[in-house]
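The values are calculated or read from the model by the stated rules, or taken from the named source; none is laboratory data. Model, not experiment: these values are computed from the prediction. Glycine also receives a Cβ, built like all others from the backbone with ideal geometry; neighbour counts cover every protein chain displayed.
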Amino acid sequence: MLCPKGSVPGGKNTVEARVRVVIAEDSVLLREGLTRLLTDRGHDVVAGVGDAEALLKSVAALAAEGALPDVVVADVRMPPTHTDEGVRAAVQLRRVHPDLGVLVLSQYVEEQYATELLAGSSRGVGYLLKDRVAEVREFADAVVRVAEGGTALDPEVVAQLLGRSRKQDVLAGLTPREREVLGLMAEGRTNSAIARQLVVSDGAVEKHVSNIFQKLGLSQSDGDHRRVLAVLTYINS
């Protein structure tokens, strides 16, 4: 449940939205650090677990109580094999709870896992490299964005996915600038943020975004999720 904009108790920080988070990370130090980072910014960490099985059980228990979290933050690699347990659990949770936001963290860009998580999802997904956690504000903003149904993709993940040779046919109709805008959209940036990054006007960005929607066959009937679908259209093709 997302709460209205407000202040963290004590008045030290202000957050755009208060979200309920489950953290799945086998490193106790990192798990506690993420918990402190998010609670300091006014969010509620309702569970913290160290493996994928515990993650699935925790979310199931919360859902049974009518208290499904807004977002799960999970490590891709978790016990017992430290291969893909975390992302497998994330994909399973999305199947059972389509409205649950899922943000996975990884030490490296693992294309297969990023694609598997994103494929078929139209809202509330994210894939960040763990180094991005050090950028506290950006990470916290990403958690809120995913909880609210948006995307949060690491720039390196976007670059690798957009650079796949088998995707060139999908992007062939886009200009270099439109591809650049699409990459920034995939990171979850707003039009205003894209304009600042590219040092162009908001109107210019709006035109590029409109052209991207048109070239990828996304009509106005697709509603507010067209920004996500613009990225997923290319991923799923």
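Restricting to the range 151-180, and then to whatever is part of a loop (DSSP other than H, G, I, E, B) and modelled with pLDDT under 80, can you tell me which residue is nearest to PHE139 (Cα to Cα)? Steps first, please.
Going residue by residue through the range 151-180, those that are part of a loop (DSSP other than H, G, I, E, B) are 154, 163-164, 172-175.
Restricting the remaining residues to those that are modelled with pLDDT under 80 gives 163-164, 172.
Details: GLY163: 24, ARG164: 26, ALA172: 32 Å.
Of everything passing the filter in the range 151-180, GLY163 is nearest to PHE139 (Cα to Cα).
Would you mind telling me which numbered condition in (1) touching a His at 6+ places or on another chain (Cβ under 7 Å); (2) modelled with pLDDT of 85 or more; (3) not acidic (Asp, Glu) VAL87 fails?
That leaves (1) as the condition not met.
Given the condition small (Gly, Ala, Ser), within 22 Å of the chain's Cα centre (by Cα) and modelled with pLDDT under 90, answer yes or no: does some residue in the range 193-205 qualify?
yes
For every residue, the table says whether it meets (1) outside any helix (DSSP H, G or I); (2) modelled with pLDDT of 90 or more; (3) not acidic (Asp, Glu).
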| site | (1), (2), (3) |
| --- | --- |
| ARG137 | no, no, yes |
| ALA142 | no, yes, yes |
| LEU182 | no, no, yes |
| MET185 | no, no, yes |
| LEU218 | yes, no, yes |
| SER221 | no, no, yes |
| ARG227 | no, no, yes |
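Do we have any residue at all in the range 146-155 that's surrounded by fewer than 18 Cβ atoms within 10 Å (Cβ to Cβ) and free of Cβ contacts under 8 Å to residues at least 40 places away in the same chain?
yes
Could you list, in sequence order, the residues of the range 181-210 that are closer than 23 Å to ALA142 by Cβ and of a type in the set (A, V, I, L, M, F, W, C)?
Hits for the range 181-210 are VAL181, LEU182, LEU184, MET185, ALA186, ALA193, ILE194, ALA195, LEU198, VAL205, VAL209.
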